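These notes are about the structure you will find just below.
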Amino acid sequence: MLKDYSSTLIIHLEVIDGQLVTLVIESFVVDIPEGNTKDEICYFTENLLKFNLRTLRV
């Protein structure tokens, strides 16, 4: 479903309320295939990214 997908993942360690946490920022660029809308592709990609980031949790 994704065509010409690329992403950038930036990870920062931050101290919030005295606790060390990991802040993850991800941005992506993807072509919108014919027959799909921008909203559909963004929804799909954002949910895929959320799932992948949850698997990184310790």
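The values are calculated or read from the model by the stated rules, or taken from the named source; none is laboratory data. Remember, it's a predicted structure, so these values are computed and weren't measured experimentally. Every residue, glycine as well, gets a Cβ built from its backbone with ideal geometry; the counts of neighbours run over all protein chains shown.
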#### Entry: First in the range 35-57 and part of a loop (DSSP other than H, G, I, E, B), second anywhere and exposed (fewer than 13 other Cβ atoms within 10 Å of the Cβ) and at pLDDT below 90, Cβ under 9 Å, 6 or more apart
36/1; 56/22; 56/24
### Hits in the range 15-31 - residues which are on the phi < 0 side of the Ramachandran plot and without any contact (Cβ under 8 Å) to a residue 24 or more places away in the chain
15, 16, 19, 20, 21, 22, 23, 25, 27, 28
### Residue selected from the range 35-58 under the condition exposed (fewer than 11 other Cβ atoms within 10 Å of the Cβ) and modelled with pLDDT of 90 or more, by the criterion farthest from the chain's Cα centre (by Cα)
35
### Task
Of the conditions (1) more than 15 Å from the chain's Cα centre (by Cα); (2) surrounded by 10 or more Cβ atoms within 10 Å (Cβ to Cβ), residue 20 clears all except one; give me its number.
(2)
